[in-house]
Amino acid sequence: ITWKPQIVAEYHKSQLFKGITLSMNLGILFFRKRQNVSRLFYNITALGYKQALVYMIRAFRLGMGPGLSI
């Protein structure tokens, strides 16, 4: 089988585009995963702040100073 230069060039071009597409897809997937992880840490931190705020509000409503258990 003899390969014409155009066929070889088209094959290499298609392989190049497949590689570029794969790397772009992996980059997008990694970015989405990273966003989900950072959002998880944000939610955990926000929940902690909310719980601390609720604790302080309850303590001051009951006339207790901070550091006393409710």
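Values computed for the structure shown
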item	result
Which listed residue is basic (K, R) and either loosely packed, with under 10 Cβ neighbours inside 10 Å or modelled with pLDDT under 75 (or both), from K4, K13	K4
Pairs with Cβ under 6 Å, 6+ apart, first in region 43-63 and surrounded by fewer than 10 Cβ atoms within 10 Å (Cβ to Cβ), second modelled with pLDDT of 75 or more and not in a helix (DSSP H, G or I)	none
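The values are calculated or read from the model by the stated rules, or taken from the named source; none is laboratory data. As the structure is a prediction and not an experimental result, all values here were calculated from the model. Note that each Cβ is placed from the backbone with ideal geometry, even for glycine, and that neighbours are counted across all protein chains shown.
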